[in-house]
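One structure is given here, and the rest of the page talks about it.
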């Protein structure tokens, strides 16, 4: 059941890599409120269910594969921060007195 002021989100509507397949059972938030939910199919083939407000706001653009792909691309290009010091010390280097 949808509210009288609910914005239409028909099947086939695309949000990033996600395409709405159908409306799902409403999600219940922490305060007990109900939120419209939609089952979406991602371009990678996975299905996920998300709140309509999350889709409309642009907070979710994929099933999680977009993060994985973006992270992988950054790692391959070397755009990541090392957890090690920028100037590593060799064990052969002399330590200051």
Fewest-first sequence of 35, 72 by Cβ atoms within 10 Å of each Cβ | 72, 35
Residues 31, 61, 7 arranged by fewest to most Cβ contacts within 10 Å = 31, 7, 61
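Where a number appears in this text, it was derived from the coordinates with a stated rule and is not lab data. None of the values given here were measured: they were computed from a predicted structure. Virtual Cβ from ideal backbone geometry, glycine too; neighbours counted across all protein chains shown.
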